[in-house]
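Heads up: the structure comes next, in structure tokens.
The values are calculated or read from the model by the stated rules, or taken from the named source; none is laboratory data. Worth saying up front: this structure is predicted, and the values here are computed from it rather than measured. Methodologically, a virtual Cβ is constructed for each residue, glycine included, from the backbone with ideal geometry; neighbour enumeration extends over all protein chains shown. Ligands, DNA and RNA are excluded from the accessible area calculation, which covers all protein heavy atoms including side chains. Shrake-Rupley method; radii C 1.70, N 1.55, O 1.52, S 1.80 Å.
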Amino acid sequence: MKFIHHKRAALSPLEKHPGEVIHDQRALDAYLDAYFASEGITFEHWLTRFSKEPYESRNRAIVNAVREYTPRRVFEFACAAGFLAEVILEGCPGIEQYTISNFSPRMVTATRRQLERFACCDVRLIDAEDRDNAMNPVELQTYDTFITTSFEHIQHDIALIESLPRGSAFVFSVAGFDDVEHFRVFTDQRQIHARYAHVLDIAHIWLNKDRSKMVVASRRR
């Protein structure tokens, strides 16, 4: 695995060469299908991992952070099924619109089924990197709160933040471990400040016990 090294390595996350990241939807589906076959599990069984640790405690931290911003219109992108959306919609009364998205058709299908009881929830097939189409700035201006549990999956992370409306809340998590879908790995809170403080007012960073997940509560500058 090749990482791009920076002169100020201590303050920069480990960044992988984009060619070594699986981000194309068809390539990712093929990779996952091979993994499911090797483990003897199904896609649906694999999804249940996102309701358990370390994801469960991460989701609780996100909900606590989101609640502080009193959200009304929420956009969750690059979702890991609907487990986080469930606890947010149940724990944050006053949400009028909750849009949740992923670029995988089967993830969208599973998430729609999971969240069908929530009338305010709209599940969409969206590639978060595609800001010129579904993630366009005009539509984003209608939301006050943005969430993602998969920010290390986004190659053009700074550009995406810059497309968010100024003053909007942005609560996200990043990973402290490598994966075939990760463009970067964060091992220190200082790396988050160094990378994002020029575009975000960071209020708080929460780390889980094994430091595999960091949750960031912030506002768009």
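Enumerate by residue number the trypsin sites (Lys or Arg not before Pro) in the range 8-42 meeting two conditions: DSSP loop (anything except H, G, I, E, B), and at most 14 other Cβ atoms within 10 Å of the site's Cβ. Intermediate results must be reported in sequence, preceding the final value.
Numbers: sites: Arg8, Lys16, Arg26; in loops: Arg8.
Filter output for the range 8-42: Arg8.
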For this session: Amide H neighbours of His204 under 5 Å, at least 5 residues apart or on other chains, H built in the peptide plane: list them.
Result: Ala217
Problem set entry | Label point distance in nm, Arg112-Ser38, each placed 7 Å from Cα along Cα→Cβ | 3.2 nm
Seminar exercise, completed: For the range 14-127, using Cα atoms only, the Rg and Dmax in Å read 15.3, 44
Seminar exercise, completed: Here FRET efficiency (C-beta to C-beta, Thr48 to Thr142, R₀ 30 Å, nearest 0.05) is 0.35
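Rounded to the nearest 20 debye, what is the charge dipole size of the chain about its Cα centre when +1 sits on each Lys and Arg Cβ and -1 on each Asp and Glu Cβ? Display every interim value, and only then the final one.
On the way: 28 positive and 31 negative charges, 146 e Å.
Roughly 700 debye for the chain.
When the chain is fully extended, how far beyond the present Cα-Cα distance does Arg73 get from Leu11, taking 0.36 nm per residue of separation? If you can, show how the numbers build up before the last one.
Working: separation 62, 0.36 × 62 = 22.32 nm, distance 3.37 nm.
Taking 0.36 nm per residue and subtracting the Cα distance, the gain is 19.0 nm.
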For this session: Report, to two decimal places, the Cα Rg of the chain normalised by 2.2 N^0.38 Å (N = number of residues).
Result: 0.97
Exercise. So what does log10 I(q)/I(0) come out to for the range 55-99 at q = 0.24 Å⁻¹, using the Debye formula with one equal point on every Cα and no solvent?
Worked result: -0.85
For this session: Could you check the simple spin-label distance between Gln25 and Arg166, using points 7 Å along Cα→Cβ, in nm with one decimal?
Result: 3.4 nm
Problem set entry | 5 angstrom amide H check on Phe146, placed H, neighbours 5+ away | Phe75, Ala169, Phe170, Val171
Exercise. Relative contact order (percent) for the chain, with alpha-carbon contacts under 8 angstrom and 6 or more residues of separation?
Worked result: 22 percent
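Just tell me the longest site-free run in the chain, where the sites are GluC sites (Glu not before Pro) in a DSSP loop having at most 12 other beta-carbon atoms within 10 Å.
Working: sites that count: Glu96, Glu116.
The longest uninterrupted stretch comes out as 117-221.
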Exercise. Sorted by accessible area with a 1.4 angstrom probe, largest first, how do Tyr55, Tyr196 fall?
Worked result: Tyr55, Tyr196
For this session: Considering only DSSP beta bridges where both residues belong to the chain, give the percentage that are antiparallel (nearest 5).
Result: 55 percent
Seminar exercise, completed: With the 8 Å Cα cutoff and a minimum separation of six or more residues, the range 102-221 has a relative contact order in percent of 21 percent
Problem set entry | Non-local Lys pairs in the chain, i.e. 8 or more apart or on different chains, that have alpha carbons under 26 Å apart | 8
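Work out the length of the dipole vector of the range 17-60 about its Cα centre, built from +1 on the beta-carbon of each Lys and Arg and -1 on the beta-carbon of each Asp and Glu, and round it to the nearest 20 debye. Mind showing how you got there, number by number?
On the way: 5 positive and 8 negative charges, 49 e Å.
Around 240 debye, computed over the range 17-60.
I'd like to verify something in the chain: which complete DSSP H helices, judged by Cα projection on the helix axis, reach 30 Å or more and average at least 1.0 on the Kyte-Doolittle scale? Write down the numbers at each step before the final one.
Working: long enough: none.
Answer set is empty.
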Exercise. Out of residues 5 or more away from Ile154 or on other chains, whose amide H comes under 5 Å of its own, with H placed 1.01 Å from N in the peptide plane?
Worked result: Phe183
For this session: List, in order, the whole-Hz ³J(HN,Hα) value for each residue of the range 149-158 obtained from phi through the Karplus relation with A = 6.51, B = -1.76, C = 1.60 and θ = phi - 60°; use x for Gly and Pro.
Result: 9, 9, 5, 6, 7, 9, 5, 9, 5, 5
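When the accessible area of the chain is split by element with a 1.4 Å probe, what percent falls to carbon and sulfur? Working shown, then result.
Values: 5410 of 10580 Å².
Summing carbon and sulfur atoms, their accessible area is 51 percent of the total for the chain.
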